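As structure tokens, the structure follows; a few thoughts come after it.
The values are calculated or read from the model by the stated rules, or taken from the named source; none is laboratory data. Keep in mind that this is a model prediction, so the values were computed, not measured. When we count neighbours, we look across all protein chains shown, and the Cβ atoms used for this are built from the backbone with ideal geometry, even at glycine. Note: areas computed on protein heavy atoms with side chains; ligands, DNA, RNA excluded. Shrake-Rupley method; radii C 1.70, N 1.55, O 1.52, S 1.80 Å.
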Amino acid sequence: MCGIVGYIGDKPVADILLNGLSQLEYRGYDSAGVAVQTGTKINVYKAEGKLENLSSVLMQHKGEFAQSTLGIGHIRWATHGAPNVINAHPHTCNCGNLVIVHNGIIENYKELKEELEKNGAKFKSQTDTEAVAHLIAYQYEKTKDLTEAVRIATSKVDGAYALCIMHNDEKDKLIATKRNAPLLVGVGENEYFVASDVPAIIPYTKRAMYLNDNQIVTLTRTNMTLIDKDGNELPQKVEVLPWEPVALSKMGYKHFMLKEIHEQPDIIRNILVGKLRSAETPIELDEVKLNKDTLKNLNRIQIIACGTSLHAAMIGKYIIEDFCGIAVDVEASSEYIYRKTVTDEHTLVIGVSQSGETADTLTAIKQAKAKGSHILIITNRPDSAMAREADSLIPVNAGIEVSVAATKSYIAQLVSFYLLAFYMAEIKNSMNSAELQALKSEMMLVPQKIEQILSHKETIQKCAQHYANTKDFIYVARGINYPTALEGALKLKEISYINATGYPAGELKHGPIAMLDDSMPVLSILMKGSVYEKILSNSEEAKARNARMIALTNSKDEKLKDLFEFIIEVPEIQEYLSPLIAMIPLQLIAYYIAEYLGKDVDQPRNLAKSVTVE
Ligand code: M6R
């Protein structure tokens, strides 16, 4: 997390930095800061909290940097040190001549700090980053060459970093480097941009170079030089980004989250185009590069992901195992990377990630790749670091998701899993063809069914308001909708801060039932199918403990009225496809509760959209 930007050119720098940071706010919003070269010295401006606070600070000082055309900026998601002004970036050396911004975590900062303090460094903040500022400054005193100082200093650093650095004694220079954190350089006419992500530079240029780990780029107004960690000059691979500048707008909705929920029917339609032409036509999924014989004989898949993507992966497991008879393991990337996994060249490893940058998932797929596995990536960012590691890449094409709480990317990941499962089932001939055709046929109706839910969302809003003041919330389901319960609970936790938990309904009686009383809402996901009656019985058990029962159901069963105090009805759907429908009311419940409570729906506290630290 954290986002960094840099600019060197002939235009006023402050606006470029601020605009860039506003595009990176999804990476954190604990504090923001910029450093600009004023001709005689480098001025640093910082503010706690959201970017608008930094904008106000800059407004008050705008006379001081009107002519500045060189600077760096940062938006922070706090790791080391509280989110206050002192810990906000940019960080400086003792004299303030060297300034840096950093995304990542410096793992050996304590050892570095101890050593640097012996050499006279005076630390002002609690951050890990400040050690790097003093370290580069120390090397600069010896070399009087900023690039060389960065090269030597970063060779002593353990951990992950994307850094942008400037020095008052080298007024026509900006340096950037990275290891295990994203960074790219935008190339303009006599100007260069540095950023953690494309949206920060795309309004200015479509030409860009992605930095690889341990590469160091030195930018002047007219020139760019790229070297490796040993100082050898490298060829520069400037590419044209397949992006158009997009004006991110709420389109009249109160929040991006609500807008993104409403985009879901069209996103599904777009994904299906060219892939699912009709129930009778085989699925076309050219994105999968494994040859058909390998797919036919495949007997092991591992799916790795975090957060919401992990819940999509759990549904992916369910349908791949059921449709294709292939054993699938699903694991949180953060667990996968710290144990001996049985992954080899015969395993298909699927990485799922909205951002394509999540550090744990990226590390996990790199580990699997090193073991010879075929890597299939399902992501909303085909330009991301994970996409660049992929042997097969399925872009989910949900469009930029601004709200930190993932909604449309989740549904798009699910649809991608359905297509993949249908595709493999057809190749393996592992499913009854009438059943498969019925599912494909019904999949084409899903967008319409979601639209029906969205057009009657007042009941859901009413339900949300009814339970908004609860302190806890339980979601239960079984089978294919157990991950839906987990995702419903995650959405509510993230944006309303209510303590919500998802359970397999059958597990309630093994412990959680002890928490039930007349203050506890229990939402049962009761979709018609193989486990309907079982969940009904589990709901009876909860009701017998006086829980406040809510049903999310596609059943018209009259007896539900006695059991549940609130019933949210959704359209009929085949059980296998029901997660696509059941999730929509749960997104809306979370949204309306958070909105009712006056929470910051799109930028909930403590979170960031892209988690680039392990
Ligand atoms: O970009 P990714 O899908 O890899 O991100 C994984 C999680 O950080 C993410 O899903 C997170 O849980 C979201 N805030 C969920 O709404």
In the full protein assembly as shown, how much of H262 is accessible to a 1.4 Å probe, in Å² to the nearest 10?
40
Excluding residues on the same chain fewer than 8 positions from K178, give the lysines whose Cα lies under 19 Å from its Cα.
K156, K229, K237, K366
Which of T459, Y532, I165, positive extreme of dipole for the chain (C-beta unit charges)
I165
Among N299, T222, M520, which residue has its Cα positioned farthest towards the positive end of the charge dipole of the chain, with +1 placed on the Cβ of Lys and Arg, -1 on the Cβ of Asp and Glu, and the dipole taken about the Cα centre?
T222
How much accessible area per residue does the stretch 312-397 have, in Å², with a 1.4 Å probe?
35
Sort E263, E114, E239 by heavy-atom solvent-accessible area, probe 1.4 angstrom, most to least.
E114, E239, E263
For the chain: relative contact order, % (alpha-carbon pairs under 8 angstrom, 6 or more apart):
12
On each of the three principal axes of the Cα atoms of the stretch 105-204, give max minus min coordinate, whole Å, ordered largest first.
45, 27, 23
Eigenvalues of the Cα gyration tensor times 5, then square-rooted: what semi-axes does that give for the stretch 225-314, in whole angstrom, largest first?
33, 29, 17
Need the list of aspartates and glutamates near K122 for cross-linking: C-alpha distance under 16 angstrom, and skip anything on the same chain fewer than eight residues off.
E111, E114, E130, E141
Sorting check: for 553-560, 185-192, which peptide has the highest mean count of neighbouring beta carbons within 10 Å, and how do the rest follow?
185-192, 553-560
Heavy-atom accessible area per residue - the stretch 491-569, 1.4 Å, Å²
44
About the Cα centre, and with charges only on the beta carbon of Lys, Arg (+1) and Asp, Glu (-1), how big is the dipole of the stretch 249-444? Nearest 20 debye, please.
240
Taking the Cα centre of the chain as the origin, how large is its charge dipole in debye, to the nearest 20, when only Lys and Arg (+1) and Asp and Glu (-1) carry charge on their Cβ atoms?
460
With the full set of protein chains in place, find how many percent of the accessible area of the stretch 447-614 is carbon and sulfur; take the probe as 1.4 Å.
46
Charge-dipole axis of the chain as Lys and Arg at +1 and Asp and Glu at -1 on Cβ define it, positive-most pick from P182, F417, A332:
P182
Taking Cα atoms, the helix 458-467 axis meets the longest principal axis of the chain at an angle in degrees (rounded to 10) of 80
Using just the Cα positions, wrap the stretch 1-46 in a convex hull and report its mean projected area in square nanometres, one decimal place.
3.3
Taking the convex hull of the alpha-carbon atoms of the chain and averaging its shadow over every direction gives an area in square nanometres of 28.1
So what is the accessible area of the stretch 16-65 per residue, in Å², with the probe set to 1.4 Å?
40
Value in Å of the Kirkwood radius, where the stretch 3-246 supplies the Cα pairs that are averaged
17.4
Considering only protein heavy atoms, what is the solvent-accessible area of K289 at a probe of 1.4 Å, reported in Å² to the nearest 10?
130
Calculate, axis by axis, the spread of Cα positions in the stretch 249-444 along the three principal axes, and write the results as whole Å, longest axis first.
50, 43, 24
If the only charges are +1 at each Lys and Arg Cβ and -1 at each Asp and Glu Cβ, what is the size of the charge dipole of the stretch 493-614 around the Cα centre, to the nearest 20 debye?
120
Neighbour cut-off at most 12 other Cβ (10 Å), DSSP loop, chymotrypsin sites (Phe, Trp or Tyr not before Pro), the stretch 232-334:
none
Per the Debye formula with a single identical scatterer at each Cα and no solvent contribution, what log10 I(q)/I(0) holds for the stretch 447-614 at q = 0.10, 0.13, 0.16 Å⁻¹?
-0.34, -0.59, -0.89
Nonlocal amide H pairs with G351, under 5 Å, H built at 1.01 Å:
I304, L376, I377, I378
Counting other Cβ atoms within 10 Å of each Cβ, which trypsin sites (Lys or Arg not before Pro) in the stretch 10-63 have at most 14 and sit in a DSSP loop?
K41
Provide the solvent-accessible area of Y26, counting protein heavy atoms only and rolling a 1.4 Å probe, rounded to the nearest 10 Å².
40
Enumerate the lysines that K509 could reach by cross-link, defined here as Cα to Cα under 29 Å, with residues fewer than 8 away along the same chain left out.
K317, K471, K491, K493, K528, K534, K543, K556, K559, K561
How far, in nm, would the chain grow between R545 and E64 when pulled straight, counting 0.36 nm per residue and subtracting the alpha carbon separation?
166.5 nm
